[in-house]
Amino acid sequence: METAMAFLTGLFFATSLYLMLSKHIIRVLLGVAVLGNAVNLTIFTTGRLTREIPPIIPDDAVVPIDAIANPLPQALVLTAIVISFSFFAFLLVLVFRSYQELGTDDTDEMREAEPVDEPAPPLGY
Amino acid sequence: MATSTAHSVNLADAMVMTPPPMVDYLVVAPLVIGFVFGALCLMTRKNTGRQPFIAITGLVLMLAADIGLFWHVLQNGTVVMTMGRWLPPFGITFAADMLGAVFALIGGIVGLAGGIYALDDVNQTGRRYGFYPFLLLMMSGITAAFLTGDIFNLYVWFEVLLIGSFGLLVLGSEREQLDGATKYAFLNLLATTLFLLAVAYLYGTVGTLNMADISRKAASVRDTGPLFTIAALFLFAFAMKAAAFPVNFWLPASYHTPRIVVSGLFAGLLTKVGVYALLRIFLTLFHVERDMLAGTIAVIAAVTMVTGAMGALAQNDIRRQLGYLVISGIGMMLAGLALGSRTGLSGGVFYAAHSMVVMTALYFLAGIMGERMNGFALNKAGGLYSRMPWLAAIALVLLLSVSGLPPFSGLWPKAYLVKASLDVGAWWLAFAILLTGLMTTIAVGRTFAFSFWRERTGGEAETASPQGAVSGAVVGSLVGLTLLTVAVGIYPEPVIRVTDRIAGELLAPAGYVDSVFPADMTPTQGEGGPQEGETQQ
């Protein structure tokens, strides 16, 4: 099962890297979104894939006797999902606003902050 | 439903049974204050007249808590607190050692200075769009990142400060800002995601997220686990956050675009969080891997500082020049990490503290200069000395300080770093440090000469630029930060004592582990591996 998950996360990472190599900012955004999910799957897999064994403790014990499903990766993934989703929403608006203002979504042409024709500093008085 | 009284559960196995002393709450006080006042500012968003007073009160209280925490740590050593009464590693741990307390303290000073400067720099519209709530939330995130003792929690605080910084960066939504913010947001989000990936692998290998727990368990998995790969991934992620050489192009693309107070705060605080994380990861957690990566880090450090200074020489815009000086300073701090000796670390930490204060002050200075010269372009600059001789004095202090010339605070850490490099025979690193100093001196000397000494060209620009007095808030925050660099430069003894102690603590991570896991309070460990509580969302 871990092997299959490893191939799946690998596919996610490959997709996101391919998308992020694009010049167009909207594809980069989609790549970042896929990357977030790739990392979430990685966390889930590194937490070890087990069957759904509930953490029920018998009356005469204090700690679980057998192995139980690990709840921590799910807590981590849940946190990461919330964060990456809110960032995706923010970036989507940011990308749309810069497309409106700058009139392009090509990163090569987004030179507003670093103009091509910026003069060199003066060499003397 | 049967009650669980059938058998007795010994809570002391996993929980703190005696309440911690009140003074230990100082370790969470700064971020609680930040969040409470941030929420208050959000509630009074429409009341732009009252909002600054709430925000300044919050920042003053945060600084007071930072000072109290620093004093507490100075007297009693590392302060540890675990959330929800759990014994570590079951709950989220906050652990303030000297390194975290010092970074939090200087962050508090810089944040307060920024809040005061913003009284004049951020107008009604900026306040209504939420400048102060963003500022307080970003400050909380930064302080909490310095104080947390849990690596996943560190990721959460990185995201908190990142979203706060996004808000500050796009405030005003000008074309230039949107362009800069797009690049900043994407690359920083990518870096934090890679950090999360490294955390995932680390958790899969070590099975815990508590930093002290990782530190003591790392030795047992070093033979079987890919710790070196994980450490390298951390290095890549945090180098991107800290703007180290091959992955720093987001910084000069964005830091000059927002309001000047935002640029100043970013320059002082954000990249230093990355440097702090590198110090924490590579000295407290992975000191063996640091030894293996030391050569790589040293090359990165040298190239970062030299290319930063070269970038500063090539810029016509004063703010962009300062952006490159931030990068060059990061190289200095990384040199301290690469050297890893007591002298080197002491110098690196000292340089970080110096850079936080001086880079913020320099951006504030550039703000006043730009306003008086109708722009930041060096080829049109001039005529400031005849109008504002006092500003020339402050500018000279700050510019000499950033290039590391005596008698200001930049000199001492550089002297330490050069000595530490020569101690281990890394003459090329010492050469890079001194070469950077020379190039920085040329770059900032030219800025000073053009802006202050040259006659203003173009008569109509002279009359159009503002003539009235600079507001008290702006002058006050700038003078305060400048006095700090002068005082530290003339009397560095106490600072060196503190940074030397930090270096000693970093080199002996067992002390940090022992404070988190005191011998008499270790929970009984089951087989179940990590059982940590939920984190903030």
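Elements of the type helices (runs of 4 or more DSSP H) sitting completely within the range B:241-352 and holding at least 1 residues that are in contact with a strand residue (DSSP E or B) (Cβ under 9 Å, 6 or more places away or on another chain): these cover B:318-339. The requirement of being within 19 Å of B:Val358 (Cα to Cα) and in contact with a helix residue (DSSP H, G or I) (Cβ under 7 Å, 6 or more places away or on another chain) is fulfilled nowhere in the range B:278-297; no residue meets it. Looking only at residues of the range B:404-432 that are in contact with a Ser or Thr (Cβ under 9 Å, 6 or more places away or on another chain) and either of a type in the set (S, T, N, Q) or not in a helix (DSSP H, G or I) (or both), we find that the one that is nearest to B:Ala335 (Cα to Cα) is B:Val424.
Can you say whether B:Gly126 is part of a helix (DSSP H, G or I), more than 9 Å from chain A (Cβ to nearest Cβ) and under 17 Å from the mean Cα position of the chain (by Cα), as far as the supplied structure shows? For B:Gly126, the condition - part of a helix (DSSP H, G or I), more than 9 Å from chain A (Cβ to nearest Cβ) and under 17 Å from the mean Cα position of the chain (by Cα) - is not met.
Just give me the residues in the range B:250-259 being surrounded by fewer than 24 Cβ atoms within 10 Å (Cβ to Cβ) and touching a Lys or Arg at 6+ places or on another chain (Cβ under 8 Å), in sequence order. Within the range B:250-259, B:Trp250, B:Ala253 meet the criteria. Would you confirm, using the coordinates I've provided, whether B:Leu187 is more than 8 Å from chain A (Cβ to nearest Cβ), surrounded by fewer than 24 Cβ atoms within 10 Å (Cβ to Cβ) and among the aliphatic types (A, V, I, L, M)? Considered against the rule, which asks whether it is more than 8 Å from chain A (Cβ to nearest Cβ), surrounded by fewer than 24 Cβ atoms within 10 Å (Cβ to Cβ) and among the aliphatic types (A, V, I, L, M), B:Leu187 comes out as yes. Being of a type in the set (Phe, Trp, Tyr) and more than 10 Å from every other protein chain (Cβ to nearest Cβ) is the filter here, so list the residues in the range B:149-164 that pass it. The answer is B:Trp157, and nothing else. Of note, A:Ala4 does not satisfy the criterion of being exposed (fewer than 15 other Cβ atoms within 10 Å of the Cβ), within 30 Å of B:Leu178 (Cα to Cα) and without any contact (Cβ under 8 Å) to a residue 12 or more places away in the chain. Within the range B:380-390, the set of residues being hydrophobic (A, V, I, L, M, F, W, C), touching a residue at least 60 places away in the same chain (Cβ under 8 Å) and assigned to a helix (DSSP H, G or I) comprises B:Leu384 only. Of everything listed in (1) surrounded by fewer than 21 Cβ atoms within 10 Å (Cβ to Cβ); (2) facing another protein chain (nearest Cβ under 7 Å); (3) within 29 Å of the chain's Cα centre (by Cα); (4) not hydrophobic (A, V, I, L, M, F, W, C), the single unmet condition for A:Arg51 is (2). Of all the numbered requirements in (1) of a type outside the set (Asp, Glu); (2) away from every other protein chain (no Cβ under 14 Å); (3) out of contact with any helix residue (DSSP H, G or I) (no Cβ under 6 Å at 6 or more places or on another chain); (4) not in a helix (DSSP H, G or I), B:Phe90 misses one, and that requirement is (2). Being outside any helix (DSSP H, G or I) and in contact with a helix residue (DSSP H, G or I) (Cβ under 8 Å, 6 or more places away or on another chain): is that true of B:Leu202 here? Considered against the rule, which asks whether it is outside any helix (DSSP H, G or I) and in contact with a helix residue (DSSP H, G or I) (Cβ under 8 Å, 6 or more places away or on another chain), B:Leu202 comes out as no. Taking the criterion of being within 24 Å of A:Leu102 (Cα to Cα), at pLDDT below 95 and not small (Gly, Ala, Ser), would at least one residue in the range B:143-158 satisfy it? Within the range B:143-158 (the criterion being within 24 Å of A:Leu102 (Cα to Cα), at pLDDT below 95 and not small (Gly, Ala, Ser)), the answer is no, since none of the residues qualifies. Sub-7 Å Cβ pairs linking a first residue in the range A:73-98 that is touching a residue at least 12 places away in the same chain (Cβ under 8 Å) to a second residue that is assigned to a helix (DSSP H, G or I) and charged (D, E, K, R), at least 6 apart or interchain, are A:Ser98/B:Asp179, ordered by first then second residue.
For the range B:494-537, taking the residues that are away from every other protein chain (no Cβ under 14 Å) and part of a loop (DSSP other than H, G, I, E, B), the one that is modelled with the lowest pLDDT is identified as B:Thr522. Here B:Ser341 passes the criteria (1) more than 22 Å from B:Arg290 (Cβ to Cβ); (2) surrounded by fewer than 24 Cβ atoms within 10 Å (Cβ to Cβ) except the one numbered (1). The residue of the range B:356-379 that is surrounded by the most Cβ atoms within 10 Å (Cβ to Cβ), among those that are touching a Pro at 6+ places or on another chain (Cβ under 9 Å) and assigned to a helix (DSSP H, G or I), is B:Leu378.
Residues of the range B:391-405 that are surrounded by 20 or more Cβ atoms within 10 Å (Cβ to Cβ), small (Gly, Ala, Ser) and either more than 20 Å from B:Ala312 (Cβ to Cβ) or touching a residue at least 40 places away in the same chain (Cβ under 8 Å) (or both): B:Ala395, B:Ser401, B:Ser403. Condition first: touching a His at 6+ places or on another chain (Cβ under 6 Å), in contact (Cβ under 8 Å) with a residue 40 or more places away in the chain and more than 16 Å from B:Ile327 (Cα to Cα). Can you find one or more residues in the range B:425-445 that meet it? Scanning the range B:425-445 turns up no residue that is touching a His at 6+ places or on another chain (Cβ under 6 Å), in contact (Cβ under 8 Å) with a residue 40 or more places away in the chain and more than 16 Å from B:Ile327 (Cα to Cα).
Filtering A:Asp117, A:Asp105 for residues that are free of Cβ contacts under 8 Å to residues at least 60 places away in the same chain and more than 9 Å from chain B (Cβ to nearest Cβ) leaves a single hit, A:Asp117.
Exactly one residue among B:Gly204, B:Gly167, B:Gly172, B:Gly180 is within 8 Å of chain A (Cβ to nearest Cβ) and either more than 30 Å from B:Val288 (Cβ to Cβ) or crowded, with 24+ Cβ neighbours inside 10 Å (or both), and that residue is B:Gly180.
Just to be sure, is B:Ile281 of a type in the set (Val, Ile, Thr) and within 14 Å of chain A (Cβ to nearest Cβ)? Considered against the rule, which asks whether it is of a type in the set (Val, Ile, Thr) and within 14 Å of chain A (Cβ to nearest Cβ), B:Ile281 comes out as no. Checked against the criterion of being aromatic (Phe, Trp, Tyr) and facing chain B (nearest Cβ under 7 Å), the range A:76-90 contains one or more residues that satisfy it.
The values are calculated or read from the model by the stated rules, or taken from the named source; none is laboratory data. Just so it is clear, the model here is predicted, and its values are computed rather than measured. With ideal geometry, Cβ positions are generated from the backbone for all residues, glycine too; neighbour counts draw on all protein chains shown.
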